[in-house]
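Undergrad: The structure under discussion is supplied below as structure tokens; questions concerning it will follow.
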Amino acid sequence: MSTGKDHIARAEGAIRKRMEGIGSPEPVIQSFLRQFRRLAGGERGLIPLKDIERLDEVPAVESLADCTDAGQRALARTVMIKLNGGLGTSMGLEGTKSLLPVKESRTFLDIVIRQAGYLRRHARCPLPLLLMNSFSTDAETRDALEEHAPLAQDMPTTFVQHRVPKLRQDDFMPVEWPRDPSREWCPPGHGDIYLALVTTGLLDRLLVEGMEYAFVSNADNLGATLDLAILGHFAGQGIPFLMEVTERTGADRKGGHLARTRDGRLVLR
């Protein structure tokens, strides 16, 4: 692998040129280049067991029952965001995962819309539903949304996360695939939600509309619903970020787990 300083500089220049060529916003380019420099510097993103401690003191959701009323009051300032960029490639699929039928011919997307509508009607508040699509799922999702009645919200239903270039493992240069240039790119992961909200202007729009809280989950995780007790606890404590978790089982071979570092920080490993 060629990792000399001159080569790394050339690779960085090629990455910037490729991303500027599709109109990537500068904050997105800078974010990807920061991660690239960490990779080129030898970081692999691994956290060894010796650097973490077991986390046992996670509050149970049952202990938050007194927070339900506060959650009801906060609901008018809340937005639901579903991460809808997945194609289900690990399951052998090629289409948008949220468009798979899962119950009585209803798709994940159909049920998500029904869940949001139920909350909206019973809470009598706007509760916007936003879908963060990827460049691979956006067209199919927007076509599917045309089959639903308008969602009765003043802002767009979808926004698209960014895309970043695939890099060669041997020399870190951007991959070239002239027969199908779309294969030269990949979505940057769920963490792109922050940059995508900012660069699309949606964050400013949400703030103008008085939104203060965002419930975020995967579009195919139908068990992840907006819990009023958790929302009330979140709002009442002024917590900047809260994650709802469950105990892992032997079947949980994908995804991360919470841990505490030796210096006391929480990490998702």
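The values are calculated or read from the model by the stated rules, or taken from the named source; none is laboratory data. Predicted model only: the values in this text are computed from it and were never measured. Every residue, glycine as well, gets a Cβ built from its backbone with ideal geometry; the counts of neighbours run over all protein chains shown. Surface areas here come from the heavy atoms of the whole protein model, side chains and all, with no ligands, DNA or RNA. Shrake-Rupley method; radii C 1.70, N 1.55, O 1.52, S 1.80 Å.
Undergrad: Using unit Cβ charges (K, R positive; D, E negative) and no other charged atoms, how large, in debye to the nearest 20, is the dipole of the chain about its Cα centre? Kindly include the intermediate steps, with their values, before the conclusion.
TA: Details: 35 positive and 36 negative charges, 119 e Å.
Value, rounded to 20: 580 debye.
Undergrad: Quick one: ranking 105, 136 by accessible area, 1.4 Å probe, largest first, what do you get? Can you show the working numbers first?
TA: Working: 105 100, 136 50 Å².
Ranked from most to least accessible, the order is 105, 136.
Undergrad: Determine, from the Cβ-Cβ distance of residue 69 and residue 114 and an R0 of 30 Å, the FRET efficiency 1/(1 + (r/R0)^6), rounded to the nearest 0.05.
TA: On the way: r = 25 Å, r/R0 = 0.84.
The calculated FRET efficiency here is 0.75.
Undergrad: Solvent-accessible area of residue 97, probe 1.4 Å, all protein chains present, reported in Å² to the nearest ten, please.
TA: The accessible area comes out at roughly 50 Å².
Undergrad: Still on this structure, please answer the following. Stretched out fully, how many nm does the piece from residue 171 to residue 91 gain, at 0.36 nm a residue minus the Cα gap? Could you put the intermediate results ahead of the total?
TA: Working: separation 80, 0.36 × 80 = 28.80 nm, distance 2.99 nm.
Taking residue 171 through residue 91 to full extension adds about 25.8 nm, to one decimal.
Undergrad: When the Kirkwood hydrodynamic radius is evaluated over all pairs of different C-alpha atoms of the chain, what value in angstrom, to one decimal, is obtained?
TA: On the way: mean 1/r = 0.0475 Å⁻¹.
Value: 21.0 Å, from the Cα pair sum.
Undergrad: Relative contact order, percent, of the stretch 22-170 when contacts are C-alpha pairs under 8 Å separated by at least 6 residues?
TA: Details: 122 pairs, mean separation 34.1, N = 149.
Answer for the stretch 22-170 is 23 percent.
Undergrad: Mind listing which GluC sites (Glu not before Pro) in the stretch 78-170 are in a DSSP loop and have 11 or fewer other Cβ atoms within 10 Å? Walk me through the intermediate numbers first.
TA: Values: sites: 94, 104, 140, 146, 147; in loops: 94, 104, 146, 147.
Qualifying residues, ordered by number: 94, 104, 146, 147.
Undergrad: Could I ask something else about it? Taking a label point 7 Å from the Cα of residue 149 along the Cα→Cβ vector, which residues of the stretch 97-129 have an amide N closer than 13 Å to it?
TA: 114, 117-118, 121
Undergrad: Report the one residue of 173, 193, 78 whose Cα lies farthest in the direction of the positive end of the charge dipole of the chain (charges on C-beta: Lys and Arg +1, Asp and Glu -1; origin at the Cα centre).
TA: About the Cα centre, the residue reaching furthest to the positive side is 173.
Undergrad: Still on this structure, please answer the following. Ignoring ligands, DNA and RNA, what percent of the 1.4 Å accessible area of the stretch 182-269 is carbon and sulfur? Present the calculation step by step, with values, prior to reporting the outcome.
TA: Values: 2970 of 5660 Å².
Carbon and sulfur atoms account for 53 percent of the accessible area of the stretch 182-269.
Undergrad: Extent of the stretch 95-176 along each principal axis, from alpha carbon coordinates, in Å, largest to smallest?
TA: That gives 56, 29, 19 Å along the principal axes, largest extent first.
Undergrad: Then there is this: Output the relative contact order of the chain, whole-number percent, from Cα pairs under 8 angstrom with separation of 6+ residues. Don't skip to the end; give the middle numbers.
TA: Values: 326 pairs, mean separation 77.9, N = 269.
Relative contact order comes out at 29 percent.
Undergrad: Leaving out ligands and nucleic acids, and using a 1.4 Å probe, what accessible area per residue does the chain come to in Å²?
TA: On the way: 16660 Å² over 269 residues.
Per-residue value: 62 Å².
Undergrad: Ignoring ligands, DNA and RNA, how do 143, 171 rank by accessible area with a 1.4 Å probe, largest first?
TA: Largest accessible area first, the residues go 143, 171.
Undergrad: Something else about it: Show me the ranking of peptides 221-232, 56-67 by mean Cβ neighbours inside 10 Å, starting with the highest. Show your work: numbers first, answer last.
TA: Details: 221-232: 16.8, 56-67: 11.0.
Going from most to least packed, we get 221-232, 56-67.
Undergrad: Roughly how compact is the stretch 110-269, stated as its Cα Rg over 2.2 N^0.38 Å to two decimals? Before the final figure, lay out each step's value.
TA: Values: Rg = 18.7 Å, N = 160, 2.2 N^0.38 = 15.1 Å.
Relative to the rule-of-thumb radius for its length, the stretch 110-269 sits at 1.24.
Undergrad: Hey, another quick one. Carbon and sulfur: what percent of the stretch 48-134's accessible surface (1.4 Å probe)? Kindly include the intermediate steps, with their values, before the conclusion.
TA: Details: 2600 of 4950 Å².
It is 53 percent, rounded to a whole number.
Undergrad: Sticking with the crude label model, points 7 Å out along Cα→Cβ, report the distance from residue 57 to residue 216 in nm, one decimal please.
TA: Taking the two extended label points, one gets 2.6 nm.
Undergrad: While we're looking at this one, here's another question. Could you tell me whether the stretch 1-90 comes out rounded, prolate or oblate from its Cα gyration tensor? Rule is a ≥ b ≥ c as square roots of the eigenvalues, rounded for a/c under 1.5, then prolate if a/b exceeds b/c, otherwise oblate.
TA: oblate
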